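To start, the structure itself, in structure tokens.
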Amino acid sequence: MGILLWSFTSIAQISKASLQASGLTCALCAKSIYTNLTALDFIDSVDTDLETSSFLIVFKPGIKLDIDAIRRKVEDAGFSVSKLLLKVDQGGLAIRNDQKIRIGDNVFHFIGVKNQQSPASFEMRVIDQKFLSAKEFKKLTAGSKISCYQFSKSLPCSMPEGDGGAVGIFHVAL
Amino acid sequence: MMHNSLRLPSIFLFLLLHCLQLDAQELYVYSEPASNVPAKSLSFKYAGKWMSESELGHEHTTVRHMAESSIGLGKFLMVRPAISVGNMYNRYPDQKLRFESASIYAKLRVLSIDDVHRHFRAAAFVKGVFSKNDLQYAEITADGDQTAIQGGLILTQLLHKLAISGTGSLVEVMHPDRWKDFGGQTFYGYQSINYSLSAGYLLFPRKYTSYEQTNFNIYVELIGSRGLDRDYAFMDLAPAIQLIVNSNAKINAGYRFQISGGAYRMGTSSLSISYERSFLNAIKRKKK
């Protein structure tokens, strides 16, 4: 079963990401994040907006996307992720609130969304604790009853049946 | 001394209010911020310190050259071995440079509250210094003047581009004389509280466009020391400037001078110039 699913992962449905880092202002600091990110094998290119400490990341097609590795690289540089938007190029996904769907190599748990069919291309925001500033995490989780989100592990809180081959599970909002 | 020191908080308040809207950095020239160098990064620094010393009625300039390397062991921990050579402790007219000290510094970031363009961070540090110097002055440092150990705490607040940082530490001189019986009180003290309050801000560029832009930072630091087992206390003011070139090299220049109190010191003013080059992701490991 796992092997069967593995073959699906080569279809890259997440092509780009926009990341904002927090805790820094200097170009020297941004450079350390940039250097760390470009060292990841699934990242094709990184464009920096120094004024906003933002990084536009383009992923290589066909290589497993490890979202936690991106976060770790920012933290290794000495900073934090305050925003991560993933661009999904896959229309017709049935998005339901509090439901998990596999997109590419990862499983995403949609929180606080209206039930809908996804457009051909859309952005979703990772809202696990380590992908938000402390302030925003508090604000977003104030009304949430989902415990694994509260404790924020981007590790499986509960992986859906048959998704053993996924890299990780992340909570996302639109 | 008292009314003189009252002036200082107002200088910092002025600086704080004046710079809140502007840009600043925390890569201080005389002190350390609570942030560490990036994990797996390596940097090398040369620092020179020049001081005018009056000895046996002769005014002459003495120097200390220091080489250090900062190593990011992890995202929370860095270490920094350093050595120095100099002629500061020579007997006049001998001006030959000699090996003076070796030290190791370790800093652990213990708290980080990050937000976009700001952070509040705390770090704890320890330093061990082996020095060949004899005890000659009352002033206690962890810069190689005496064999000593130091432990302390750093708090740093980054507000957009202004950075304010405070450091407090205890220094214990570990020179063998400390445990010798000289038949009564000796001239030298062996314990001090050393502290600093630092502010810095980025003057240029006004707007960031690339990693290649040269950054220009200015700093003002207040550096003080107070003897615990012998009575001395002084405060120095140290304005400094810094250029950051290519996002990987720093050139620093600062002038430090006493503004209040006093102690039996080698000198009350000194000039420092340093150059530091960073190498990101320099330490490769097979497993992440």
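A short reminder: the numbers here are calculations on the coordinates, not readings from a lab. On a predicted model such as this, the values are computed, not experimentally measured, just so you know. Neighbour counts run over all protein chains shown; Cβ positions are idealised from the backbone, glycine included.
Figures for the structure shown
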| read-out | value |
| --- | --- |
| Number of partner chain Cβ atoms within 10 Å, mean per residue of B:71-82 | 1 |
| C-alpha center-to-center spacing [segment B:21-79, segment B:80-141] in angstrom | 8 |
| Globularity index of segment B:40-133, i.e. its alpha-carbon radius of gyration over 2.2 N^0.38 Å | 1.45 |
| Under the Karplus curve 6.51 cos²θ - 1.76 cosθ + 1.60, θ = phi - 60°, whole-Hz ³J(HN,Hα) for segment B:213-229, x wherever Gly or Pro sits | 4, 7, 9, 10, 10, 10, 9, 9, 10, 10, 10, x, 8, 9, x, 9, 9 |
| Helix B:2-19 axis, angle to chain B major axis (alpha carbon atoms, nearest 10°) | 20 |
| Two-site FRET efficiency, A:Thr52 against B:His65, from Cβ-Cβ distance with R₀ of 30 Å, rounded to 0.05 | 0.15 |
| Mean shadow area of the protein assembly as shown over all directions, Cα convex hull, nm² | 26.2 |
| Phi-based couplings in Hz for segment B:259-264 (Karplus 6.51, -1.76, 1.60; Gly and Pro marked x) | 10, 7, x, x, 7, 6 |
| Summed side-chain charge close to A:Ser15 - residues other than A:Ser15 whose Cβ falls under 9 Å, Lys, Arg +1, Asp, Glu -1 | +1 |
| Residue of B:Lys40, B:Lys250, B:Lys127 that the Gaussian network model of chain B assigns the largest fluctuation, springs spanning Cα pairs under 10 Å | B:Lys40 |
| FRET efficiency for B:Phe182 and B:Ala282, using Cβ-Cβ distance with R0 set to 56 Å, rounded to 0.05 | 0.70 |
| Charge tally in the Cβ shell below 14 Å around B:Met51, where Lys, Arg are +1 and Asp, Glu are -1, B:Met51 excluded | -4 |
| Mean Cα-pair separation over length for segment B:2-278, i.e. relative contact order, pairs under 8 Å, 6 or more apart, % | 18 |
| Cβ-based charge dipole, segment B:47-144, positive-most Cα from B:Leu77, B:Gly144, B:His58 | B:Leu77 |
| Over chain B: Kirkwood hydrodynamic radius from C-alpha pairwise inverse distances, Å | 20.0 |
| Square roots of 5 times each gyration tensor eigenvalue, C-alpha, segment A:40-104, largest first, Å | 24, 15, 13 |
| Fewest-first sequence of B:Val63, B:Val173, A:Val74 by Cβ atoms within 10 Å of each Cβ | B:Val63, B:Val173, A:Val74 |
| Ascending count of other beta-carbon atoms within 10 Å, so fewest first, for B:His58, A:His171, B:His65, A:His109 | B:His58, B:His65, A:His109, A:His171 |
| Counted charge near B:Lys250, where neighbours are those whose Cβ lies closer than 14 Å (Asp, Glu -1; Lys, Arg +1) | -1 |
| Fewest-first sequence of B:Trp179, B:Trp50 by Cβ atoms within 10 Å of each Cβ | B:Trp179, B:Trp50 |
| Averaged over B:112-123, number of beta-carbon atoms from partner chains that fall within 10 Å | 6 |
| Globularity ratio of segment B:222-288, using Cα Rg and 2.2 N^0.38 Å | 1.69 |
| 10 Å Cβ neighbours from other chains, averaged over peptide B:29-41 | 3 |
| The protein assembly as shown - mean residue ellipticity at 222 nm from DSSP helices (-39,500 (n - 2.57) per run, n ≥ 4, rounded to 500) | -3500 deg cm²/dmol |
| Set of aspartates and glutamates near A:Lys130 by C-alpha distance (under 16 Å), chain-local residues within fewer than 8 positions excluded | A:Asp66, A:Asp68, A:Glu75, A:Asp76, B:Asp114, B:Asp115 |
